[in-house]
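Structure first, commentary second.
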Amino acid sequence: MSAINSVTQLRTDGNVGVISINFPPVNALSAAVRDGIHGAMQAALQEPAIEAIVLICEGSTFIAGADITEFGKPPAGASLGEVQRIVEESAKPVVAAIHGTALGGGLEVALVCHWRIAVPSARLGLPEVNIGLLPGAGGTQRLPRIVGVEKALEMMTSGSPVKAAEALEIGLIDELAPEGGLQAAAVALARRVVAEKRPLRKVREQNDKVLAARGQPALFEKFRSANARKFRGLAAPEKIIQCVEAAVNLPIDEGLQLERKLFLELMQGPQSAALRYYFFASRQAWQVPGLPKDTPILPVETVGILGAGTMGAGIAMNFLNAGIPVHIVETRQEALDRGLATIRKNYENTAKKGRLQPEDIEKRMALLTGSLELQQLADVDLVIEAVFENMEVKKDIFKRLDQTCKAGAILASNTSALDLNEIASATTRPESVIGLHFFSPANVMKLLEVVRGAHTSDSVIATSMQLAKRIGKVAVLVGVCPGFVGNRILAQRQREANALIMEGAMPWAVDRVLYQFGFPMGPFAMSDLAGLDLGWNKEKSSSSTLREVLCEMDRRGQKSGAGFYDYDEKRTAVPSQLVEQTIADFAKKKGYSTREVSDEEILERCIYPMINEGAKILEEGMALRASDIDVVWVNGYGWPIHRGGPMFHGDQVGLDKVLAKMQEFERQLGPQFKPAKLLEELAGSGRKFSDLKPAR
Ligand code: T1G
């Protein structure tokens, strides 16, 4: 056995040379790994006793791709192209032995091997599109040659890996190895290849599947139109399609040249920078600086939920999905029955879409119980209160929970804006009180704002962050302030959207500008979807707000067939002349004078105050990092992920420009645009939000 370098070993097993990579956490293709493979291949090729080679990894996974932390740094070590060439041109057969994930550059290395074997739990994919790139090491040319054009297009534009069984089916691997027996199986395969004198099979020479698609441009046009909505605004998918078209129509070396050109365009573009930033931001959000590594994690094996309404039922599903028993307590039987029925209905709807088996519904429902007795929560590890947003109601509930629940139980509120510290003050155990702010629909939305109270203990915080991961949420730790982080920033955008339509911008213009920016829907279309009459009281309505005026006109949103927009029977939104006139009349009555409002002003007025509010949130320590604010907005409010998040966007625009605009708006429109001190400091010193160190 010889150590090629610190991360690579070459040992022999009979006539087979085994190259083993060990570069935690995911054996990414760092310079050391590339040098190691290249050096080990040279050694193996020169060793007469070695007749075949196995490439395998230690740790949790096969190579999970290029080392994203090296992007943007000066190249070092053997290039990936050199590594691939020495493998593909090897005179000795090379077998890739795959466990965990073979992703991106990792799969592209496996694709230049002559054979591929994997354990059943392995997954193989080319997820570069998720970081705004395309497979830049031959994946766009080799994958279609193995799995065919349609499957390759789907895999590379979705970024989704396939499981080993499917990989075997589509020819991406040649054999399955027993779990725990990968190396032995790979060596055995290598030995058979030698014994049977099988010719060296190179993917780059297999052209039948791409030739079969030649002369069928409609295939690509159909794929483009079928995915137009999903690819809206994204640069990478289109370039991937172009590379696959090249794989079909050009010799592979020309296809590889195009792939290289388009890869570099994406690598140097703003979208990949944003997506790579977000990749790390979403992983950093889990880390709570200042929390001792050995902070005890409390057991959460049973959960109680107070309230069986939309939120309570949705929250319950997260725990049922993770196999955690839930007991829901309500005050009225019919509300409880309705909540339990809603949960079952949601599962049945998911099953109808083929995403859940009937037996899984029963497994989940078997974990769900309900009653009208708070006493039933005496022994649960965690209670989540999801009742009416009223401070007195919540304080009364937490007082009773404090008297009912066992010592050490975590008492959480799902409040979306109320003061958690005041809620905690109703108990004798504020150290056990935390906010778990789910977003509706709670069983769908990934974001969970974990709200730390003034007295919340480290254990309760650490337990809550870990629990969030266990139930598949993206957790961000936030402080106690009105609206926490997400809704506090949303209020800025909402205020400006409402002001802009008083000044002459149409609701559909505001929606269009924000939709074109990348949001899934603009604020007025969103209001129509949610319903304009949330919290509206017909008896007390006094035409004092535009929303009241519209509700009084029975324009309550999509559900009433009209809101800001008119809706046809297919619920297609159509700008309403009546609303246009209603807005003009209302604005006049309120003393507004209307004017032409440019798209640029709409965008800046909606986005810059969000960035400014984010700066205030950081100043007050209500978020640990600027990137946490971005993770909140990407996962809770549909901020276009290829723009990184509001704070990343501010850095991209230039904080000096954001500051100048805020100062201009402050002069023109009022103190609501007053720049945050932090924005002034950073802009003044030429720094970015990304230069800030995480708060403790
Ligand atoms: N490079 C560097 N670090 C990486 C990494 C990568 N490719 N992937 C993961 N990490 C780090 C991650 O930051 C975290 O670090 C730790 O590993 C665990 O990750 C030429 C150009 C492999 C499925 O896009 O999908 O190849 O926070 O928390 O949930 O065409 O990581 O612990 O310090 O996600 O078990 C293509 C991205 C690259 C794969 C494991 N490859 N990674 O998931 O752990 S571009 C990818 C993942 C490329 C080629 C192109 C997942 C995972 P820390 P984790 P996990």
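Odds and ends about this structure:
- Segments 523-535, 577-589, 617-629 sorted - mean Cβ within 10 Å per residue, highest first: 617-629, 523-535, 577-589
- Note, ³J(HN,Hα) from phi for segment 398-410, Karplus 6.51, -1.76, 1.60, rounded to Hz, x at Gly and Pro: 5, 5, 6, 5, 4, 7, 9, 7, 5, 4, x, 5, 8
- When the P(r) of the chain is calculated, the portion above 49 Å amounts to 24% of the C-alpha pairs.
- Counted charge near Phe524, where neighbours are those whose Cβ lies closer than 13 Å (Asp, Glu -1; Lys, Arg +1): -1
- Derived from the Cα gyration tensor, the three semi-axes of the equivalent ellipsoid of segment 73-134 are 20, 19, 8 Å, largest first.
- Peptide ranges 28-34, 344-350 listed from the most packed, as the mean C-beta count within 10 angstrom indicates: 28-34, 344-350
- When each of Ile146, Ile501, Ile343 is scored by the number of other beta-carbon atoms lying within 10 Å, the sequence from fewest to most is Ile146, Ile343, Ile501.
- Extreme residue, positive dipole direction of segment 2-267, given options Ala44, Val193, Ala212 (C-beta unit charges): Ala212
- Quotient of C-alpha Rg and 2.2 N^0.38 Å, computed over segment 325-471: 1.08
- Under the criterion of Cα pairs below 8 Å and six or more residues apart, the relative contact order for the chain equals 8 percent.
- Dipole check for segment 1-115: with +1 at the C-beta of Lys and Arg, -1 at the C-beta of Asp and Glu, and the Cα centre as origin, the magnitude is about 80 Debye.
- Debye log10 I(q)/I(0) at q = 0.20 Å⁻¹ for segment 1-126, Cα point scatterers: -1.09
- DSSP bridge orientation in segment 94-230 - percent antiparallel, rounded to nearest 5: 20 percent
- The calculated FRET efficiency for Glu681 paired with Asp379, based on their beta-carbon distance and R0 = 35 Å, is about 0.10.
- In this simple spin-label model, placing a label point 7 Å from the Cα along the Cα-to-Cβ direction at both Asn537 and Gln268 gives a separation of 6.2 nm.
- Overall, segment 2-267 carries a charge dipole of about 420 debye about its Cα centre when +1 sits on the Cβ of Lys and Arg and -1 on the Cβ of Asp and Glu, all other atoms neutral.
- Computed on segment 1-113, with alpha-carbon pairs under 8 angstrom and 6+ residues apart, the relative contact order is 29 percent.
- Separation of the Asp337 and Lys588 label points, Cα + 7 Å toward Cβ, nm: 5.4 nm
- Phi to ³J(HN,Hα) by Karplus 6.51 cos²θ - 1.76 cosθ + 1.60 over segment 372-387, Hz, x for Gly, Pro: 9, 10, 4, 4, 5, 9, 4, 10, 6, 7, 9, 10, 10, 8, 9, 10
- Counting beta carbons within 10 Å around each of Cys481, Cys243 and listing the fewest first gives the order Cys481, Cys243.
- Using the Cα coordinates of segment 529-589, the gyration tensor eigenvalues translate into equivalent-ellipsoid semi-axes of 19, 15, 7 Å, sorted from longest to shortest.
- Inter-label distance, nm, simple model (7 Å from Cα along the C-beta direction), Met521/Met445: 1.2 nm
- Between Asp253 and Ala165, the contour length at 0.36 nm per residue exceeds the alpha carbon distance by 28.6 nm.
- Comparing Leu578, Cys551, Ala562 along the charge dipole axis of segment 529-589, the residue lying farthest to the positive side is Cys551, per the Cβ-charge model.
- Across segment 2-267, the volume of the C-alpha convex hull divided among the residues equals 116 Å³ per residue.
- In degrees, nearest ten, helix 252-267 long axis to first principal axis of the chain (Cα): 30 degrees
- Compared with the dominant Cα axis of the chain, that is its longest principal axis, helix 31-46 is turned about 20°.
- Annotation: amide H-H contacts under 5 Å for Ile328 (H modelled 1.01 Å from N, sequence separation of 5 or more, or interchain): Ile305, Thr369, Gly370, Ser371.
- Segment Glu150-Ala660, length gained on full extension (0.36 nm per residue, minus Cα span): 178.7 nm
- Shown here for segment 236-304: GluC sites (Glu not before Pro) in loop regions (DSSP other than H, G, I, E, B) with at most 13 other Cβ atoms within 10 Å, namely Glu301.
- Only one residue of Ala499, Asn22, Ala442 has its Cα farthest out toward the positive end of the dipole of the chain, where Lys and Arg carry +1 and Asp and Glu -1 on Cβ, and that residue is Asn22.
- Exceeding the 30 Å Cα-Cα cut-off - candidates Lys261/Lys693; Lys394/Lys688; Lys230/Lys353; Lys395/Lys469: Lys261/Lys693; Lys394/Lys688
- With Cα atoms, 0 to 90° folded angle of helix 577-589 axis to the chain main axis: 50 degrees
- About the Cα centre, charge dipole magnitude for the chain (Lys/Arg +1, Asp/Glu -1 at Cβ), debye: 460 debye
- Sorting Thr12, Thr295 by the number of Cβ atoms found within 10 Å of their own Cβ, with the fewest placed first, yields Thr12, Thr295.
- Across every direction, the projection of the convex hull enclosing the Cα atoms of segment 403-541 has a mean area of 11.2 nm².
- Antiparallel DSSP beta bridges within the chain, percent to nearest 5: 35 percent
- Working note: Karplus 6.51/-1.76/1.60 with θ = phi - 60° gives segment 429-438 the couplings 9, x, 5, 9, 9, 8, x, 10, 8, 7 Hz, where Gly and Pro are set to x.
Read-outs: derived from the displayed coordinates by stated rules, not from any lab. Keep in mind that this is a model prediction, so the values were computed, not measured. Please note: Cβ atoms are built from the backbone with ideal geometry, for glycine as well, and neighbour counts cover all protein chains shown.
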